[in-house]
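One structure is given here, and the rest of the page talks about it.
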């Protein structure tokens with residue numbers, strides 16, 4: 001039986017001679033094995049001492065400290081020599097199994113059933129510290145047969161001409177930053193959403209044509225903070241994009257976006273938004289709810305906002321609207337699930353009613369400084385204004401809005 005973890009061996013005699021422990025742990029391989037007729041021994045091998053140090057276990061363990069075993073930590077106190085073997089950064093299930101085997105070895109009972117290992121020198125790769133960061137910047141350096149280290153927290157694979165996301169990357173459960181920029185990726189697998197620790201996803205300069213709806217409903221909702229989709233072929237983003245509630249930084253520059261997600265205003269933690277050089281003509285109504293530090297919308301085709309010139313009515317000329325209010329909590333226990341989805345992602349009137357079947361749509365111009373502290377100029381003329389959509393559930397609501405506009409103009 002073997003256990004890979006960080007180990008610090010502390011002598012209990014040090015304080016009595018006025019010496020303090022250095023408090024440094026080393027990556028090690030711990031092995032339980034039988035040594036001839038002398039019983040079961042513990043072998044600790046590190047990178048500096050690959051041959052390792054042996055410690056007898058039978059009737060030689062004074063105490064186990066397992067209070068923090070659920071954090072991958074434990075301490076084994078030996079009688080002779082008087083040392084504490086402090087274990088940390090261990091796999092929890094492997095640590096529990098190892099401690100159980102050490103108890104049996106100490107008692108000297110059922111040792112024949114223990115999965116003992118050979119007490120030999122450890123391999124170099126087994127005692128190296130887990131690799132947390134890896135950058136691959138050329139195609140010739142890309143691993144074809146070997147796996148990526150499971151301990152990776154940051155992985156960059158750029159300029160490798162990847163046409164798809166390697167499934168081996170999706171098994172890196174502690175990955176926090178994935179940079180696949182400057183490749184030829186056209187589609188993202190939904191299983192990226194299984195990377196529950198992923199905080200940064202960088203897909204700059206690829207050939208993406210869509211961002212899957214399933215990704216917006218995955219564990220990325222609670223982990224993803226930085227998303228770079230710039231220089232791709234995106235035309236739209238899914239309606240459920242607003243479910244990525246932890247987003248702080250969003251880059252959408254140099255795509256073919258025709259509009260932003262209608263409920264982008266629900267991204268309450270968003271502070272940096274860049275969507276320059278797209279094909280935006282108008283911003284969604286909820287855009288006014290954003291509270292940004294930096295905003296860049298330069299190089300879009302924003303239309304001249306005029307409430308009268310851009311007034312539209314949908315194809316159904318009879319204005320109908322539901323009585324359910326957008327401000328009233330609702331769920332599957334109250335209304336059918338498909339209706340919940342429709343209400344959550346439908347347009348809303350200022351009065352609170354949801355616009356489902358028909359509505360009046362118009363655009364009003366706002367100064368972008370109302371939603372962002374720093375605004376990159378919208379055009380070469382020095383403007384910082386852009387048109388924002390407004391929707392009305394009825395002619396009455398529309399007329400009230402127009403009356404308010406007229407009164408403000410008269411002032």
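Laboratory data are not the source of any read-out in this text; all were calculated from the coordinates shown. Small disclaimer: the values here were computed from a predicted structure and weren't measured. Note that we place each Cβ from the backbone using ideal geometry, even for glycine, and neighbour counts take in every protein chain shown.
Can you pull the percent of Cα pairs in segment 133-279 with separation above 23 Å?
Value for segment 133-279 (Cα pairs over 23 Å): 31 percent.
For residue 26 paired with residue 117, estimate the spin-label separation in nm (one decimal), with each label point 7 Å from Cα along the Cα-to-Cβ line.
It is 1.6 nm.
If you take every DSSP beta bridge whose two residues both sit in segment 133-279, what share of them, in percent to the nearest 5, is antiparallel?
For segment 133-279, the DSSP antiparallel bridge percentage is about 0.
Starting with the highest mean, order 253-262, 130-139, 186-195 by the number of other Cβ atoms within 10 Å, averaged over the residues of each peptide.
253-262, 186-195, 130-139
How far apart, in nm, are two points set 7 Å out from the Cα along the Cα-to-Cβ line at residue 291 and at residue 163?
Label-label distance for residue 291 and residue 163, simple model: 4.7 nm.
To the nearest 0.05, how large is the calculated FRET efficiency for residue 367 and residue 268 if R₀ is 22 Å and r is the Cβ-Cβ distance?
Step by step, r from the Cβ atoms, then E = 0.55.
Give me the number: length gained by fully extending residue 213 to residue 66, i.e. 0.36 nm times residue separation minus the C-alpha to C-alpha distance, one decimal in nm.
Answer, rounded to one decimal: 48.5 nm.
By counting other Cβ atoms within 10 Å of each Cβ, how are 70, 200 ranked from fewest to most?
In order of increasing Cβ crowding within 10 Å: 70, 200.
By how many nm would the segment from residue 374 to residue 173 lengthen if fully extended, with 0.36 nm per residue of separation less the alpha-carbon distance?
68.7 nm
Starting from the 7 Å offset along Cα-to-Cβ, what nm value, one decimal, do you get for the label separation of residue 139 and residue 194?
2.9 nm
Extension gain residue 381-residue 279, at 0.36 nm per residue separation less the Cα-Cα distance, in nm?
The span from residue 381 to residue 279 would gain 34.9 nm if fully extended.
Rounded, prolate or oblate: which fits segment 1-100, taking a ≥ b ≥ c as square roots of the Cα gyration tensor eigenvalues, rounded meaning a/c under 1.5, else prolate when a/b beats b/c?
rounded
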